[in-house]
Amino acid sequence: MLSSAQSASKKISLAELVLPWNIERNLRRHGTLIQQFVKRDVLSRYRGSYLGMLWSLLRPLSMLALYTVVFGYIFQSKLGNHPNESKLDFTLALFCGLILFDFLAECTSRAPTLVLSSPNYVTKVVFPLEILPVMAVGAALTQLVISFVPLFIGLVCAHGTIPLTALYLPVLLVPLILLCLGLTWLLASLGVFVRDINSVVPVLLMIVLYASAIFYSISKVPPGLLPIVLYNPLAAVIDEARNAVLWGVPPDWPHYSLMLAVSFVVLVVGYAFFMRTKNAFADVL
């Protein structure tokens, strides 16, 4: 038997689902519940461990140290974006790209099982299922924010200062957050009906990893392959974030506007698809 909250969504027209202020109003109505779920999800990861939440900082710190040794001193890799680029600069650029990719990867890899792992919320109680993807993105965003701490520490060690353009970082993350939220809604719904999605996502993430200009500079991409990278929202966000945080370059606002538009479309499509299909979750589960 469907809950009243799910049955009510049948009456919502598609036009209402794609209006951004309706999406915002619906999520704001469950704001307290979302905060509680995000906090519970973050804390549950470290429950029972001796260091607890400290692991959220130790993990990215250990990653940064590892990348510095392997890519900076063993492979001696460089992006070639700056004439005075040091070994640590490449490490920081790589680290910046990987923590942004990890944010996308965590959201999308969890998405297919979000509803499947919470059958009680679907079949037994009145619960706004659309907040489950929001919870997953919020928890991943918490880890992303913590991961930027060692990045800034490394930046100070390398250059003695942090560029003022780093203040653009919260703005530059908006398209990525919207993109992840839209994809998580979409994959969470598809995961209920197509169980193979859970196996397909890791393969797609591997392709995205190498198509997002994380290990190389966009300027080094051959012209024939350049459209693949340029139209990859994650690659665009990584490039803009690196420029702002590491090189002191302000965002390319026309490029940013395109990223924001693409991410917003994904957000609206993902939300509308989830809200239209969640009525059938109980039948499948």
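Summary of computed values
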quantity: Condition check for S189: in contact (Cβ under 8 Å) with a residue 12 or more places away in the chain, under 30 Å from R276 (Cα atoms), hydroxyl-bearing (S, T, Y) and out of contact with any Leu (no Cβ under 7 Å at 6 or more places or on another chain); calculated: yes
quantity: Any chance V203 is surrounded by 14 or more Cβ atoms within 10 Å (Cβ to Cβ), out of contact with any Asp or Glu (no Cβ under 9 Å at 6 or more places or on another chain) and over 26 Å from L61 (Cβ atoms); calculated: no
quantity: Within the range 180-265, helices (runs of 4 or more DSSP H) holding 2 or more residues that are modelled with pLDDT of 90 or more; calculated: 197-210, 233-245
quantity: L230 vs. criteria in contact with a helix residue (DSSP H, G or I) (Cβ under 9 Å, 6 or more places away or on another chain) and farther than 25 Å from K87 by Cβ; calculated: yes
quantity: Residue match in the range 125-138 (condition: farther than 18 Å from V38 by Cβ, modelled with pLDDT under 90 and either over 22 Å from the mean Cα position of the chain (by Cα) or not basic (K, R) (or both)); calculated: yes
quantity: Residues satisfying the stated conditions in the range 84-100, i.e. modelled with pLDDT under 90, under 25 Å from the mean Cα position of the chain (by Cα) and not hydrophobic (A, V, I, L, M, F, W, C); calculated: D89, T91
quantity: Failed item in (1) surrounded by 20 or more Cβ atoms within 10 Å (Cβ to Cβ); (2) outside any helix (DSSP H, G or I), with T161 passing the rest; calculated: (1)
quantity: Long-range neighbours under 8 Å by Cβ, at least six apart or interchain, first residue at positive phi within the range 227-250, second crowded, with 17+ Cβ neighbours inside 10 Å and of a type in the set (S, T, N, Q); calculated: G248/T165
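The values are calculated or read from the model by the stated rules, or taken from the named source; none is laboratory data. Bear in mind the structure is a predicted one, so any value in this text is a computation, not a measurement. Note that we place each Cβ from the backbone using ideal geometry, even for glycine, and neighbour counts take in every protein chain shown.
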